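The values are calculated or read from the model by the stated rules, or taken from the named source; none is laboratory data. The shown structure was predicted, so the numbers you read here are calculated from the model rather than taken from an experiment. Neighbour counts are summed over all protein chains in view; Cβ atoms, including those assigned to glycine, are modelled from backbone coordinates with ideal geometry. Only protein heavy atoms, including side chains, enter the accessible area calculation; ligands, DNA and RNA are left aside. Shrake-Rupley method; radii C 1.70, N 1.55, O 1.52, S 1.80 Å.
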Amino acid sequence: MKKIFTFIAVAFMAIGANAQTWNFSDWEAGDIEETKTVDGLTVYATADKKVTIDGSKKTFNDVSYTQRLKFGGTGSGPDSSAPSRFLQFDLPAGASVSIIATHASSSGDDRTLNLATGTFENVSATANCTPGELVELTYTNEGEATTAFVYSAKSGINLYAIYVTGGSTPEPQPGELVIDPALPVTFDTWDASFLIQKTDVKAGDKFIFDIETIDVEGWEWGPQVLPKSNADWSNLGDAIAPNANGKGTFVVTKEYADVINANGGLRVQGMGCRVTAVEYVEGVDPSTLTKEEFDITQGWNTWNSAETIEYNADGTMTFNCVAWGGISKWLGGADWSQYNSLVFEFAQPTTVATQAFVQYAAEDAAGSTNATQWADAGATSVSIDLDERKNAVNQFALQGSDVSTIIIKAVYLTKNDATGVTKVQVNAVDNNAIYNLAGQKVNDTYKGLVIKNGKKIVIR
């Protein structure tokens, strides 16, 4: 029975009393000109709308401060074109907030400090700041755990400290997702991450991310999220890119499930995107299936910069290839011992010869790590039998012999015959066939550079 748990915005903190202090006297002095996170407090700033930490001696309730955080202007929220001049942090259920603030303008006007919860626009508490006099904004969160935003409603305001005390979050029940910090999380810096707390994951389960694309200066590789071990931040597979519907899927293997369960969940990092929701779907253990399918809606790489990949809404993938280019998935030593072949199925017959390619970690007797299998133009599939080196596979790929558009509808591994599973039938391939460099089949009277058994040779 399939179960689906959708999680959008629940923050996690340890059970029991919570206490968090951000005293700006302890921060490094200087201008903050880009978004950064310090001990769970995220400061939003840009080069044009910077936030500054500088010296200022004040005392409030017998606590002496030596530095302040200067907003320098009105806050622009996370949904604006340039989010800046506001702070963001997690606020547990039942927790209380105290913010020490003032403003130092000689204009004599009063200014309003806002504390919003849940969204930037949902102002839950305010404080009236008068020039040079420290005031305290206080608020108690009587609802569920949420996200807090602090900013000036108009013009500059200076903060000296933020105190969060009390509150707790109930322990998650089996199957429940808990995320820290609350979503959405924006990945415009490698400092950003969030934790998915989950401890009963098994092979075949899926985490499906809702991913919005954002522009990040200097980042050229598109939106992606990276599932990681919560213990040592090692990668759990490849980066995940969104498909045509903005969904990115992480499929759990037995190895990944062991890591996730042992460490209380998985850590998620990313770049060039904003994750707005996570859906957990209970799946079927691949070991019980007749074949294991690969996701063809994300995460593939091209071998040539002139090639492109289109992830289609109907679940197929269009590969616009050049001669002897290719698309591939990097695995880094995956164990395929329980499988006997790799199959690419096409949505329509190919117009050029195609080649299935597997790169093992170990070399064969000839000193090569590569194995290939060709299919003539007009094929609806191409399959390659796996050899004794299949316990460690580094990557696999599909190649086209010439410029063409290839629409792929499925890529999968078939099980060993010993399991009682009938091997999927695919097009027979003539291993003695000869192709010219245009991918056309020729006979042995042809002179020049040709392809035979996946290798280039010269016939004279």
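Observations on the model:
- Furthest towards positive pole of dipole, Gln224, Cys273, Leu183, structure part the stretch 154-276, Cβ charges: Leu183
- For the stretch 138-153 versus the stretch 242-257, the inter-centroid distance based on Cα atoms is 33 Å.
- Over 23 Å apart at the Cα level, from the set Lys198/Lys409; Lys329/Lys390; Lys36/Lys329; Lys50/Lys228; Lys36/Lys70, are Lys198/Lys409; Lys36/Lys329; Lys50/Lys228.
- Ranked packing of 53-66, 22-35, 377-390, most packed first, by mean Cβ within 10 Å: 377-390, 22-35, 53-66
- Percent breakdown of C-alpha pair distances by 10 Å bin, ordered from the shortest bin, for the stretch 134-252: 9, 32, 30, 21, 7, 0
- List Trp336, Trp190, ordered by accessible area with a 1.4 Å probe, largest first: Trp190, Trp336
- Over the stretch 348-404: Rg over Rh, Cα atoms, Kirkwood Rh: 1.04
- Net charge of neighbours whose Cβ lies under 10 Å from the Cβ of Ile214, counting Lys and Arg as +1 and Asp and Glu as -1: -2
- Kirkwood hydrodynamic radius of the stretch 296-394, Cα pairs, Å: 14.6 Å
- Distances between every pair of Cα atoms in the stretch 75-154, grouped in 5 Å steps from 0 to the bin holding the largest one, split as 3, 15, 25, 23, 17, 12, 4, 1, 0 percent.
- Rolling a 1.4 Å probe over the protein heavy atoms of the stretch 251-350, with every protein chain left in place, gives an accessible area that is 48 percent carbon and sulfur.
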